[in-house]
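**Student:** Sharing a structure, written as structure tokens. Questions coming.
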Amino acid sequence: MLGINVRLWGVVASLGVLAIVAGATIGVLTLLGVTFQGKGEAQVGDGSQLVEGRLGTANRDRLAICVDSVGLDAAAADTAKLNVEEALVVAADLPNWSDAALGSMATVVDVGCPSSPAALQPGTVLTPTGRGFAVNPFPVVVEASYYRIFTFVVSDEQSANTFGKEFPKVTEEYLRQGDDFAGVTSGLYVTPSQLADTDFLAQSISSLLGFQQRPTLSEP
């Protein structure tokens, strides 16, 4: 019996050492600025409830952006994620940008959007508004997605045929509010070359969040 107790104590002691080492490792990484954060899919509130502020709905605790490619190699979305993350760093230094208005959690950029691009659906009619495009029929949802911005990467030809020289922004999700509808999710359609233009992308994101006017599209 004594031998068994000794062996059990050895196991407990070993587990204790592992816990201490793991805790110390996490502490060191935290001090180095590394945080542990999952994908931005875990919703924290009611996606059908509007709230004041830039995020729009109660299920959003932070700025979350999804990226997807349309008709391009899947790797385009992975590249877009890196481009968007870089642009967010630049956007944070733009006039009127406010981290405080975007929730208390770190921004999330994920590959893969929860729905197809509204502007590219068969039968959709786009009408320029001077600030982007109105979509008809417009996409009404029961609950908003977690993502405040959908970013779709399209080819130069697709962009030219669909948006011309107008700013390629549409509203991807509307919530019904009685007899009215509230736009709660923005869609940005960009080409690979526009993605590589960090300043343009930063200004576009800032514009979609209402911090500044839309950027001017550069001539091809």
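The values are calculated or read from the model by the stated rules, or taken from the named source; none is laboratory data. All figures in this text were calculated on a predicted structure; none of them were measured in a lab. Glycine gets a Cβ as well: all are built from the backbone with ideal geometry, and neighbour counts include every protein chain shown. To get the accessible areas, we keep the full protein, side chains included, count just its heavy atoms, and leave off ligands, DNA and RNA. Shrake-Rupley method; radii C 1.70, N 1.55, O 1.52, S 1.80 Å.
**Student:** Could you check the range 117-140 and list, in sequence order, the residues that are surrounded by fewer than 17 Cβ atoms within 10 Å (Cβ to Cβ) and within 13 Å of Thr185 (Cβ to Cβ)?
**Tutor:** If the condition is that a residue be surrounded by fewer than 17 Cβ atoms within 10 Å (Cβ to Cβ) and within 13 Å of Thr185 (Cβ to Cβ), then Phe138, Val140 are the ones that fit.
**Student:** So is Ala202 under 20 Å from Leu55 (Cβ atoms) and either out of contact with any strand residue (DSSP E or B) (no Cβ under 7 Å at 6 or more places or on another chain) or without any contact (Cβ under 8 Å) to a residue 12 or more places away in the chain (or both) or not?
**Tutor:** Criteria met by Ala202.
**Student:** Quick one: Ala77 ticks every box in (1) over 28 Å from Asp46 (Cα atoms); (2) in contact with a Phe, Trp or Tyr (Cβ under 6 Å, 6 or more places away or on another chain) bar one, so which box is it?
**Tutor:** With (1) over 28 Å from Asp46 (Cα atoms); (2) in contact with a Phe, Trp or Tyr (Cβ under 6 Å, 6 or more places away or on another chain) applied to Ala77, the lone miss is (2).
**Student:** Still on this structure: Which ones in the range 169-193 are among the polar types (S, T, N, Q) and touching a strand residue (DSSP E or B) at 6+ places or on another chain (Cβ under 9 Å)?
**Tutor:** Thr171, Gln177, Thr185, Ser186, Thr191
**Student:** OK, next. How about the range 141-155: which of its residues are of a type in the set (A, V, I, L, M, F, W, C), buried (at least 20 other Cβ atoms within 10 Å of the Cβ) and assigned to a loop (DSSP other than H, G, I, E, B)?
**Tutor:** Ala144, Val154
**Student:** Now for a different question. Asn83: polar (S, T, N, Q), part of a loop (DSSP other than H, G, I, E, B) and open to solvent by 10 Å² or more (accessible area, probe 1.4 Å), yes or no?
**Tutor:** No, not satisfied.
**Student:** Something else: From the set of residues in the range 93-116 that are small (Gly, Ala, Ser) and either assigned to a loop (DSSP other than H, G, I, E, B) or touching a His at 6+ places or on another chain (Cβ under 6 Å) (or both), which is most open to solvent (accessible area, probe 1.4 Å)?
**Tutor:** Here the answer is Ser104.
**Student:** Might you let me know whether the range 156-163 holds any residue that is in a loop (DSSP other than H, G, I, E, B) and either without any contact (Cβ under 8 Å) to a residue 12 or more places away in the chain or open to solvent by less than 10 Å² (accessible area, probe 1.4 Å) (or both)?
**Tutor:** No.
**Student:** Which of the residues belonging to the range 55-80 are part of a helix (DSSP H, G or I) and either open to solvent by less than 40 Å² (accessible area, probe 1.4 Å) or within 16 Å of Pro117 (Cα to Cα) (or both)?
**Tutor:** Result: Ala76, Ala77, Ala80.
**Student:** For the range 180-195, does any single residue satisfy the condition of being hydrophobic (A, V, I, L, M, F, W, C), open to solvent by 40 Å² or more (accessible area, probe 1.4 Å) and over 25 Å from Leu82 (Cβ atoms)?
**Tutor:** Yes, the range 180-195 contains at least one residue that is hydrophobic (A, V, I, L, M, F, W, C), open to solvent by 40 Å² or more (accessible area, probe 1.4 Å) and over 25 Å from Leu82 (Cβ atoms).
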